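Written out below as structure tokens is the structure these notes cover.
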Amino acid sequence: MLTPYNLTVEYKTNPIGMDEVRPRFAYNLDGDTCFQTERRIKVTDDAGTVVWDTEWEETSGTIQIEYQGIPLKPFTRYNWQVRVKDEEKKVSKWGKGFFETGFLGGNWTGTWLCSSVDNSTEVMRPIRCFRKDFTPKGKIKSARLYATALGFYSAFLNGMEVDEVYFTPGWTDYYKRVQYQAYDITKMLKAEKNNALCFLFADGWYRGTIATHWNMGKPTYDMLDSMIRAELHITYQDGSKEVIGSDKTFLSVDMKDRGSSYIRYSDIYMGENFVSDRLDSNWMRPEEPYKKYVWLDPASNLTSGWYGGESHETHTADSLPIVWTSGAMVRIVQDVEAVSITQRKNGSWIVDFGQNLVGHERIILRNLEAGTHITIRHGEMLQANGALYTDNLRMALATTTFRAQADKKLEIYEPRFTFYGFRYLEITGWPGKLTEKDVIARVIHSDLPQTGTFQCSDKLVNQLYSNIIWGQKCNFVDVPTDCPQRDERLGWTGDTQVFCNVATYNMYAPEFYTKWIDDLNSCQHENGAYPDFAPQPYMTRSEATSGWGDAGVICPWIMFEKYADTRLMEKYFDNICRWLDYQVKRAGGKFLVENSSYGDWLNIDAHTPHEVISTTYYAGMSLIAAKMAQILGREQDALERLRFYQAAADAFAEKYFNKKGELTVRTQTAALLALSFGCVPGEYIQKTVDFLVKDIKITRKLHLSTGFLGTPLLLKVLTQHGHIDLAYDLLLQTTYPSWLYPVTQGATTMWERWNTWTKEDGFGDVGMNSFNHYAYGAVGEWFYETICGINCVSECECTAGFQAILLAPQPGKRLTEASATYKSISGEIKSAWKRTKTHFIWEFTVPRNTLAEVVCPFGKTLPATEGIEEHEDGIMIAQPGSYKIVLPL
Ligand code: BGC
């Protein structure tokens, strides 16, 4: 019998505040039989009324099941259940889950509020606080808090944080939309007693230095202040309901000089400045005495007066769409202890966590004395003399400042509205001796479960894999960023598109990317150009670059491959066409296009002309668009895009191949792009591959010369064209430039450059020198797909999302073993191989309700194995189950 488990709605487990009108259900199957033959889904509302019953349907589908019941109502809990029949017609138990709708686009009763205290227009100013007291009238059945802000907010009820999430409401282009969050506060609310709902809020992405820095020094959103908006919905046991919305009865709280601890400023780039005083968060408690300590002012209502900059239409806050949080929340995901603490001659302490990471520190101070002043600077490296290295942070100060105004027995402090990219801390002013017990690092990122694992017999490759995982953790802070430490931390599109494939093996990220793809499309220029990074509301906004703007095509496509998600491409197909057409229009109607600003960014003395990059990318993206159109049933569009692809490929071939069939641009990247994106005429393929191989092997002495765009394609293209050994040689190369070179130099994350730092020459070019840039980590996809051979079959909607799997490991001679696991949306896949002196042993697992084509390594024939059948065309198909194949060598 089969059992449904891991039920999700819109990629989330039991979401609340969900505003998708046609939510999609998914589940996995476990059990002792193999296939689902029928399925029944039933959805009921909170009154128990059935709103959708599919009855038994003949289907094998377990993912992307779209709700088609009666229209959903706002603020309603829906229970859903699913049961299945297997191939023996045995009926499973019901798998059960729920979802709860939010506003569903409806109006808010709460209004936008800004604080009436500390209302300076400075960029770095104290965080602001609100308090609302109220008494629920009777016994409570359920209670929800809905909240949003222009800026960052944290919500507290009766002194307790409603959920320990960071940087809410998340980063979007606040001209276009802002997200709200929903919290279940039923258990925190006190019936028939005074309750205190409190908020802290800071400027964050909306109005902090990150917004001015990228907007030629001016505030991005030409607004008076940061604002917050909230609604509390209480359902009483007698069935009555009450809504408390943010209004002028919310009080602004001023804690400064009133004996309360407060944050003097908190800024993403600059860090946090904290003043510790006697009263901590007493002001959040529901009891009366708080009034003694704080000043209270009514909050100000703000419903108008918000104007866009030159390139934006005028907006008022009230016209701003408030949307649900489709992405993942940012949380503290792990704590890291110091591996060493040393004191420098000047009295400062250097704390080493042994791992470059993202987040903040927590410090514990006992018997704290008034007047204590501690400064904590963050860095990724130390200088040769042991001092902290911060030059590569550019204008980001990345500093925590802590000052005590009163004696205190115990103070535990950690910054709240900022984050740092660091491995080392430099702490000055610490009273007494600093020990490992006094400070830890708290790792913060979008809270996504890890779905992939990989290990092999080469220690350096294992470290590289760890660096890739850490690169992802550190650059998944609500949006996919380029780096987490310097004055950037932006959703760079090029970095995102090259990393998206490996990222979705490493972690369960459909919701994370869905939200960002929405961000990207919301920032698309009217002329069709996708921005270089998203969210992108700044005046400095640049116009679309090949390989960067193409994230608009590639990311939705990867969402289809990995999760069988057709909704994103359906929603954005026209935008994708506008982006492609924009390039041709810009080239005066020609298919040799050129809109590349960054070229093959950070290549090694191997310049690839921009027209080559743009035209091959245009061709490749047209092919993807054609596939999308086919899947969406848009036949005419599919044909048209294929025609455009062909036109670009022909134009490219004509200009860039000579009569001998040689590619005239002699760079590895030119060859890789042309081969990957179908721009090499069939008869020239061998010559192009030969050139590539020769350039790597001879000209570059077994090294790559590729940058951001070429590097991710290298191993894939070599593998596709029969050069698996050379691909392994490149992967295992340890001298500069190579993936393992930074590992030999002590890297614990992916670096922006191959030689960001070297033992011999020290630090690289300080203008661009991040120790945490995941782009080159794209190579991790090759670990899953080629070394261990786990691949999706993205031909159509019913095979994508690993409903059909291709298992085809290609072991390299220099590795004796490798293994990978991947919890796909259709179930967990495993593939592990080992070489002994005499045998090759391959073990793999095919999840329930899927089929895998199995390709034996070394061109060998698969021995007869129960559960694996040969199909007419010679293809070997494995049923769900675990297998062990032993091949003599
Ligand atoms: C970022 C890169 C990005 C690039 C564009 C940089 O500042 O850090 O990762 O892709 O700009 O060339």
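Here are some notes:
- Close pairs (9 angstrom Cβ cut-off, 6 or more residues apart or separate chains): on the phi > 0 side of the Ramachandran plot in region 746-773, among the small types (Gly, Ala, Ser) anywhere: 762/384
- A single member of 777, 746, 767, 762 is over 30 Å from residue 879 (Cα atoms), surrounded by fewer than 18 Cβ atoms within 10 Å (Cβ to Cβ) and modelled with pLDDT of 95 or more, and it is 746.
Results for (1) over 22 Å from residue 623 (Cα atoms); (2) without any contact (Cβ under 8 Å) to a residue 40 or more places away in the chain; (3) over 35 Å from the mean Cα position of the chain (by Cα); (4) crowded, with 20+ Cβ neighbours inside 10 Å, shown as yes or no for each residue.
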site: 673; (1), (2), (3), (4): no, no, no, yes
site: 678; (1), (2), (3), (4): no, no, no, no
site: 682; (1), (2), (3), (4): no, yes, yes, no
site: 702; (1), (2), (3), (4): yes, yes, no, no
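- The number of residues in region 593-608 that are away from the ligand (no atom under 16 Å from the Cβ) and free of Cβ contacts under 8 Å to residues at least 60 places away in the same chain comes to 2.
- Verdict on residue 111 being in a loop (DSSP other than H, G, I, E, B), out of contact with any Pro (no Cβ under 6 Å at 6 or more places or on another chain), at pLDDT 95 or above and buried (at least 18 other Cβ atoms within 10 Å of the Cβ): no
- Selection from region 374-389 of residues that are over 15 Å from residue 434 (Cβ atoms) and not aliphatic (A, V, I, L, M): 378, 379, 380, 383, 385, 386, 389
- Counting only strands (runs of 3 or more DSSP E) that fall entirely inside region 1-78 and contain at least 1 residues that are surrounded by 21 or more Cβ atoms within 10 Å (Cβ to Cβ), the qualifying elements are 2-9, 24-31, 36-44.
- Any hit, region 633-644, residues being of a type in the set (Phe, Trp, Tyr), crowded, with 16+ Cβ neighbours inside 10 Å and more than 25 Å from residue 525 (Cα to Cα): no
- Elements of type strands (runs of 3 or more DSSP E) contained in region 121-209, each with 3 or more residues being at pLDDT 95 or above and not aliphatic (A, V, I, L, M): 140-150, 152-157, 178-184
- Residue match in region 385-402 (condition: out of contact with any Ser or Thr (no Cβ under 7 Å at 6 or more places or on another chain), over 17 Å from residue 771 (Cα atoms) and free of Cβ contacts under 8 Å to residues at least 12 places away in the same chain): yes
- Within region 505-560, being hydroxyl-bearing (Ser, Thr, Tyr) and either within 16 Å of the ligand (Cβ to nearest atom) or assigned to a loop (DSSP other than H, G, I, E, B) (or both) holds for 508, 530, 538, 540, 542, 545, 546.
- Of 576, 554, all but one fail to be surrounded by fewer than 24 Cβ atoms within 10 Å (Cβ to Cβ) and closer than 15 Å to residue 628 by Cα; the exception is 554.
- Residues satisfying the stated conditions in region 756-772, i.e. in a loop (DSSP other than H, G, I, E, B) and within 16 Å of the ligand (Cβ to nearest atom): 756, 764, 765, 769, 770, 771, 772
- Odd one out for residue 858, checked against (1) modelled with pLDDT under 95; (2) surrounded by 19 or more Cβ atoms within 10 Å (Cβ to Cβ): (2)
- Any hit, region 798-805, residues being within 23 Å of residue 456 (Cα to Cα) and either out of contact with any strand residue (DSSP E or B) (no Cβ under 7 Å at 6 or more places or on another chain) or of a type outside the set (Ser, Thr, Tyr) (or both): yes
- Matching residues, region 407-428, being buried (at least 16 other Cβ atoms within 10 Å of the Cβ) and not in a strand (DSSP E or B): 414, 415, 416, 417, 418, 419
- In region 445-461 there is no residue that is within 16 Å of the ligand (Cβ to nearest atom) and surrounded by fewer than 22 Cβ atoms within 10 Å (Cβ to Cβ).
- Residues that are among the basic types (Lys, Arg) and within 13 Å of the ligand (Cβ to nearest atom) within region 472-496 comprise 486, 489, listed in sequence order.
- With respect to the conditions (1) more than 21 Å from the chain's Cα centre (by Cα); (2) in a helix (DSSP H, G or I); (3) within 11 Å of the ligand (Cβ to nearest atom); (4) not aromatic (Phe, Trp, Tyr), residue 775 lacks only one, and its number is (1).
- Residue in region 644-665 that is part of a helix (DSSP H, G or I), modelled with pLDDT of 95 or more and over 17 Å from residue 584 (Cβ atoms) present: yes
- Flag if residue 716 is more than 31 Å from the chain's Cα centre (by Cα) and at pLDDT 95 or above: no
- Any hit, region 462-471, residues being closer than 30 Å to residue 811 by Cβ, of a type in the set (Phe, Trp, Tyr) and either within 16 Å of the ligand (Cβ to nearest atom) or touching a strand residue (DSSP E or B) at 6+ places or on another chain (Cβ under 9 Å) (or both): yes
So that you can scan it fast, the table gives a plain yes or no per residue for (1) within 22 Å of residue 320 (Cα to Cα); (2) of a type in the set (Val, Ile, Thr):
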| position | (1), (2) |
| --- | --- |
| 210 | yes, yes |
| 215 | yes, no |
| 220 | yes, yes |
| 228 | yes, yes |
| 232 | yes, no |
| 235 | no, yes |
| 238 | no, no |
| 244 | yes, yes |
| 251 | no, no |
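- Strands (runs of 3 or more DSSP E) contained in region 328-405 and holding at least 1 residues at pLDDT 95 or above, loosely packed, with under 13 Cβ neighbours inside 10 Å and of a type outside the set (Gly, Ala, Ser): 330-337, 340-343, 349-368, 373-379
The values are calculated or read from the model by the stated rules, or taken from the named source; none is laboratory data. Keep in mind that this is a model prediction, so the values were computed, not measured. Here the Cβ is made from the backbone with ideal geometry for all residues, glycine too, and neighbour counts use every protein chain on show.
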